[in-house]
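S.K.: Shown below is the structure under consideration.
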Amino acid sequence: MAKNQNPMGERAKRVQEALSGVDKKLAVMSGKGGVGKTTIAINLAAYLAKDKRVGLLDADVDCPNVNKFLGINEPFGIENGKITPIEKFGIKVVSFASLQEREDEPIIWRGPMLSNAITEILEKTRWGHLDYLVADLPPGTSDVALTIMQILKPDGMIVVTTPQKASVVDAKKSANMAKKLNVPVLGIIENMGGDIFGEGGGEKAAEELGIDFLGRLGLSKVISRSGEEGKPFILDNGNRDFEAIVENLG
């Protein structure tokens, strides 16, 4: 291969061409699983979609949940090798769940295959003109998160944590990863706070990292039920705490 040939560089260029109509790209990340980042991502997208053009990318390849949380059962469209997102609640949605024949079908891939899959989805999706593209990342700080930061090049990263120490430590890892890769960290959201899990861990982590604390969502039956019913909770009766979090994002 000639020295000036760089396949990943070419693919990154094609990704940026595919995203040329996207004004701002936001990523939602957590080092630990089960902290509610998908809930945050879909409700952020739904809130923004009230008066903006919004896309939502489910970047969790092996355990995608965005479709289930939004009540989507059909596959996205594919024409001439290009992907047409599914539209739900005014959001253009692309999830790897749309490629699975059964929702309980495992995807058993090594890291390079995961990274390649993410890159291919980004290359081939016709997002059109969007004010915001929100990416819901899988847990951890390895292959997929690295690919998203290097190829998607988010304009901002939102870190989600629950109040417990283990979750806070992993959230700090996520924030530090973004910093090392020169992705702006917009702040930390503490989810599921209250009597059961406590509160304050997210705010303390934000202070230690020198980043913004965006706000806190309490453990809520309404929020939990919304995911089971396939509709963002922000669309029903609103949620002042969540609205304040979005306002804090600027």
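The values are calculated or read from the model by the stated rules, or taken from the named source; none is laboratory data. Predicted model only: the values in this text are computed from it and were never measured. Glycine gets a Cβ as well: all are built from the backbone with ideal geometry, and neighbour counts include every protein chain shown. The protein model used for the area step is the full one, side chains on, heavy atoms only, and it has no ligands, DNA or RNA in it. Shrake-Rupley method; radii C 1.70, N 1.55, O 1.52, S 1.80 Å.
S.K.: In nm, what is the difference between 0.36 nm times the number of residues separating VAL169 and VAL222 and their Cα-Cα distance?
M.R.: Residue separation times 0.36 nm, minus the Cα-Cα distance, leaves 16.3 nm.
S.K.: Please tell me which of these pairs span more than 32 angstrom C-alpha to C-alpha: LYS32/LYS153; LYS24/LYS231; LYS13/LYS231; LYS24/LYS180; LYS13/LYS204; LYS180/LYS204?
M.R.: From LYS32/LYS153; LYS24/LYS231; LYS13/LYS231; LYS24/LYS180; LYS13/LYS204; LYS180/LYS204, over 32 Å: LYS13/LYS231; LYS13/LYS204.
S.K.: Taking the alpha-carbon centroid of each part, what is the distance from the range 177-225 to the range 90-108 in angstrom?
M.R.: Value for the Cα centre distance between the two parts: 27 Å.
S.K.: To the nearest whole percent, what portion of all C-alpha pairs in the range 39-186 is separated by more than 25 angstrom?
M.R.: Across the range 39-186, Cα pairs with separations above 25 Å total 27 percent.
S.K.: Quick one: net charge around ILE91, please, counting Lys, Arg +1 and Asp, Glu -1 for every other residue with C-beta under 14 Å from its C-beta.
M.R.: +1
S.K.: While we're here: Taking 8 Å as the Cα distance limit and 6 or more residues as the minimum spacing, I'd like the relative contact order of the range 1-102 as a percentage.
M.R.: Reported relative contact order: 24 percent.
S.K.: Once you have the alpha carbon radius of gyration of the range 19-88, what is it after dividing by 2.2 N^0.38 Å, with N set to its residue count?
M.R.: With N residues counted in the range 19-88, Rg over 2.2 N^0.38 Å equals 1.18.
S.K.: Another one. Using r as the Cβ-Cβ distance of GLN150 and HIS129, and R0 as 22 Å, what FRET efficiency do you calculate, to the nearest 0.05?
M.R.: With R0 = 22 Å, the Cβ-Cβ based efficiency is 0.35.
S.K.: Please determine, in degrees from 0 to 90 and to the nearest 10, the orientation of helix 240-249 with respect to the longest principal axis defined by the Cα atoms of the chain, where the helix direction is its Cα long axis.
M.R.: Rounded to the nearest ten degrees, it is 50.
S.K.: If I take every Cα pair under 8 Å that is 6 or more residues apart in the range 138-236, average their sequence separation and divide by the length, what percent do I get for the relative contact order?
M.R.: This gives 24 percent for the range 138-236.
S.K.: Dividing the Cα radius of gyration by the Kirkwood radius, what Rg/Rh value follows for the chain?
M.R.: Ratio of gyration radius to Kirkwood radius for the chain: 0.95.
S.K.: Next question. So, for the chain, what is the accessible surface per residue at a probe of 1.4 Å, expressed in square angstrom?
M.R.: For the chain, the solvent-accessible area averages 49 Å² per residue.
S.K.: So how do 32-41, 177-186 stack up, highest first, on mean other-Cβ count within 10 Å?
M.R.: 32-41, 177-186
S.K.: Residues of the range 210-250 with the amide nitrogen closer than 14 Å to a label point 7 Å from the Cα of ASN73, along Cα-to-Cβ, please.
M.R.: Correct set: 229-230.
S.K.: What are the extents of the Cα atoms of the range 170-250 along their three principal axes, in Å, largest first?
M.R.: Projected onto the principal axes, the Cα atoms of the range 170-250 cover 38, 27, 20 Å.
S.K.: Can you compute the modelled spin-label distance between ASP212 and LYS179, with each label point 7 Å from Cα toward Cβ, in nm?
M.R.: Placing both labels 7 Å beyond Cα along the Cβ direction yields 1.7 nm.
S.K.: Sticking with this one: Pick from SER167, SER30, SER220: which residue has the top mean-square fluctuation in a GNM of the chain where Cα pairs under 10 Å get a spring?
M.R.: SER220
S.K.: Between THR84 and VAL246, how high is the FRET efficiency from 1/(1 + (r/R0)^6) when r is the Cβ-Cβ distance and R₀ = 45 Å? Nearest 0.05.
M.R.: Calculated value: 0.95.
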